[in-house]
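J.: Okay, handing you the structure first.
The values are calculated or read from the model by the stated rules, or taken from the named source; none is laboratory data. All values reported here derive from a predicted model rather than from experimental measurement. Neighbour counts are summed over all protein chains in view; Cβ atoms, including those assigned to glycine, are modelled from backbone coordinates with ideal geometry.
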Amino acid sequence: MDKKVKVGIVGASGYSGEELVRLLLSHPHVELAAVTSRQYAGQSLAQVFPKFGHHPQARNIRFTEPNVSLLAKNAQVIFLALPHGVSAEFAVPLLQQGCQIIDLSADFRLKSAAVYKEFYAHDHPAPDLLATSVYGLPEVYRSAIKNALLVASPGCYPTSILLPTLPLLRAGLIKPAGIIADSLSGVSGAGRKVEQDYLFVECNESVRPYSVPKHRHLSEIEQELSLAAGAPVIIQFTPHLIPVNRGILSTLYFTPAIHFANATEAAALNDKITACYQAAYANEPFVRLLDAKTLPDTKNVIGTNVIEIAWRLDTRTGRLIVMSAEDNIVKGASGQAVQSMNIMCGFPETAGLI
């Protein structure tokens, strides 16, 4: 039997941390060796998360205070499930002690410290690491992730927008100007915190936009779209909070680079779009391209690391509409992070995720 890789989770008590615990406890090639939480230090995983009580390891592993030296001693790969601005405080010393880091915060997603400050309202805590971090979108940066020491796992909204958009931009099938993205997210996207806006009685039976017109995730979305287009790209993005626990549905509006005015021209363009997506994702285990009769639905992806993508050409408006659905905590956070870990460690990419 191959020796298992020891992994740790810093900030394991949040929604993303809990999902990491679920995935890693059952992962065939890793041993969950350390979990930290200042709030729950001393308690077992089974006490804090009774749903894992059936797992023998969950009864033996106890939360500890986050200690860099102990983490580096006990684990080779460390997941940082911490708020932005806090992750960097752990990433720097852990990297210095030889750990591989997968950061679920926004601290290392951007390549510009100035852009980080613009969107996150404080100076970047470790700007020297921005050049060496790898954006952890496996379907796009797989080869770079393979040799990375620091992976910046994408945000949930960016994942739902970038995966449907990047192939089209790179193929020149859409114009980079005038892109509109409308996204709807479950309440877990706000994290496990007690704030009035996220109380049940405030969210239930209510749908509302927020962070308009400049959500923080715009920074990494526009960074990656600009790289794909080879020129600066600015988009219109409006996120909405919907009364479900988890899931994101994004609807994207593009202007095709190829004009179409009738059904025949639309069919020819649709063939090009289909070929583009097939070339990008036909062999990707976690991208589900839907047929002409099916549209994305969050109920089909909840609890999975899968993103669904569908598209329609509108001959009346001349626009291309692309839709995606994902689980914001799995493909949008912890599952995608585990997918990157599998690549980094040379495991089958689907290990622990199917």
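J.: Please work out if THR264 is over 25 Å from GLY335 (Cα atoms), without any contact (Cβ under 8 Å) to a residue 12 or more places away in the chain, assigned to a loop (DSSP other than H, G, I, E, B) and of a type in the set (Val, Ile, Thr). Quick ask: steps written out before the conclusion?
T.: On the way: over 25 Å from GLY335 (Cα atoms): yes; without any contact (Cβ under 8 Å) to a residue 12 or more places away in the chain: yes; assigned to a loop (DSSP other than H, G, I, E, B): no; of a type in the set (Val, Ile, Thr): yes.
Answer is no for this residue.
J.: Something else now. Within segment 241-261, how many residues turn out to be surrounded by 15 or more Cβ atoms within 10 Å (Cβ to Cβ), within 21 Å of ASP182 (Cα to Cα) and without any contact (Cβ under 8 Å) to a residue 60 or more places away in the chain?
T.: Number satisfying all stated conditions: 3.
J.: Still on this structure, I have one more. For the condition without any contact (Cβ under 8 Å) to a residue 60 or more places away in the chain, of a type in the set (Asp, Glu) and farther than 21 Å from GLY14 by Cβ, what is the one hit in GLU205, GLU195?
T.: Values: GLU195 fails: farther than 21 Å from GLY14 by Cβ.
GLU205 is the lone residue from the list that is without any contact (Cβ under 8 Å) to a residue 60 or more places away in the chain, of a type in the set (Asp, Glu) and farther than 21 Å from GLY14 by Cβ.
J.: Right, something else. Among the listed residues ILE302, ILE273, identify the single one that is in contact with a helix residue (DSSP H, G or I) (Cβ under 9 Å, 6 or more places away or on another chain), among the hydrophobic types (A, V, I, L, M, F, W, C) and under 30 Å from LEU23 (Cα atoms).
T.: Working: ILE273 fails: under 30 Å from LEU23 (Cα atoms).
Step by step, each of ILE302, ILE273 is checked, and only ILE302 is in contact with a helix residue (DSSP H, G or I) (Cβ under 9 Å, 6 or more places away or on another chain), among the hydrophobic types (A, V, I, L, M, F, W, C) and under 30 Å from LEU23 (Cα atoms).
J.: Say we look at segment 249-261 and pick out the residues that are in a strand (DSSP E or B) and touching a Lys or Arg at 6+ places or on another chain (Cβ under 9 Å); which of these is farthest from TYR15 (Cα to Cα)? Before you say what the answer is, go through the steps one by one.
T.: Residues of segment 249-261 in a strand (DSSP E or B): 249-254, 256.
Filter again for touching a Lys or Arg at 6+ places or on another chain (Cβ under 9 Å), leaving 253-254, 256.
Values: TYR253: 31, PHE254: 33, PRO256: 38 Å.
My answer is PRO256.
J.: State which residue pairs qualify: first residue under 15 Å from ALA126 (Cβ atoms) and inside segment 61-88, second residue aliphatic (A, V, I, L, M) and surrounded by fewer than 19 Cβ atoms within 10 Å (Cβ to Cβ) in any location, beta carbons under 8 Å apart, and separation of 6 or more residues or different chains.
T.: ALA88/ALA126
J.: Now for a different question. I need a count of the residues in segment 299-323 that are touching a residue at least 60 places away in the same chain (Cβ under 8 Å) and closer than 23 Å to ILE102 by Cβ.
T.: Number satisfying all stated conditions: 1.
J.: Moving to a separate point now. Go through segment 267-285 and give me each residue that's in a loop (DSSP other than H, G, I, E, B) and over 20 Å from MET323 (Cβ atoms). Walk me through how you get there before you give the answer.
T.: Let us first name the residues in segment 267-285 that are in a loop (DSSP other than H, G, I, E, B), namely 282-285.
Passing the criteria: ASN283, PRO285.
J.: If you go through segment 143-167, how many residues are surrounded by fewer than 24 Cβ atoms within 10 Å (Cβ to Cβ) and among the hydroxyl-bearing types (Ser, Thr, Tyr)?
T.: 1
J.: Could you go through segment 315-323 and let me know if any residue there is in contact with a strand residue (DSSP E or B) (Cβ under 8 Å, 6 or more places away or on another chain), assigned to a helix (DSSP H, G or I) and among the aliphatic types (A, V, I, L, M).
T.: Within segment 315-323 (the criterion being in contact with a strand residue (DSSP E or B) (Cβ under 8 Å, 6 or more places away or on another chain), assigned to a helix (DSSP H, G or I) and among the aliphatic types (A, V, I, L, M)), the answer is no, since none of the residues qualifies.
J.: When GLY178 is evaluated against the numbered criteria (1) more than 17 Å from the chain's Cα centre (by Cα); (2) surrounded by 13 or more Cβ atoms within 10 Å (Cβ to Cβ); (3) part of a helix (DSSP H, G or I), which criterion, by number, is the only one it fails?
T.: (3)
J.: While we're on this one: Looking at segment 281-291, is at least one residue modelled with pLDDT of 95 or more, out of contact with any Cys (no Cβ under 6 Å at 6 or more places or on another chain), of a type in the set (Ser, Thr, Tyr) and buried (at least 19 other Cβ atoms within 10 Å of the Cβ)? Give the derivation first.
T.: Here is the first cut: in segment 281-291, the residues modelled with pLDDT of 95 or more are 281-290.
Still in the running and out of contact with any Cys (no Cβ under 6 Å at 6 or more places or on another chain): 281-290.
Now restrict to residues that are of a type in the set (Ser, Thr, Tyr): 281.
With the extra rule that they be buried (at least 19 other Cβ atoms within 10 Å of the Cβ), the set shrinks to 281.
Yes.
J.: What's the number of the condition VAL151 fails, among (1) part of a helix (DSSP H, G or I); (2) in contact with a Ser or Thr (Cβ under 7 Å, 6 or more places away or on another chain)?
T.: Unmet for VAL151, out of (1) part of a helix (DSSP H, G or I); (2) in contact with a Ser or Thr (Cβ under 7 Å, 6 or more places away or on another chain): (1).
J.: Sticking with this structure for a sec: Does segment 189-203 include one or more residues that are part of a helix (DSSP H, G or I), at pLDDT below 95 and closer than 30 Å to ILE354 by Cβ?
T.: yes
J.: Shifting gears a bit: Please give the number of the condition LYS3 fails out of (1) part of a loop (DSSP other than H, G, I, E, B); (2) under 22 Å from GLN96 (Cα atoms); (3) without any contact (Cβ under 8 Å) to a residue 24 or more places away in the chain.
T.: (2)
J.: Do we find a residue being over 30 Å from ASP128 (Cβ atoms) and not hydroxyl-bearing (Ser, Thr, Tyr) anywhere in segment 62-72?
T.: Of the residues in segment 62-72, the ones over 30 Å from ASP128 (Cβ atoms) are 62-63.
Now drop any that are not not hydroxyl-bearing (Ser, Thr, Tyr), which leaves 62-63.
Yes.
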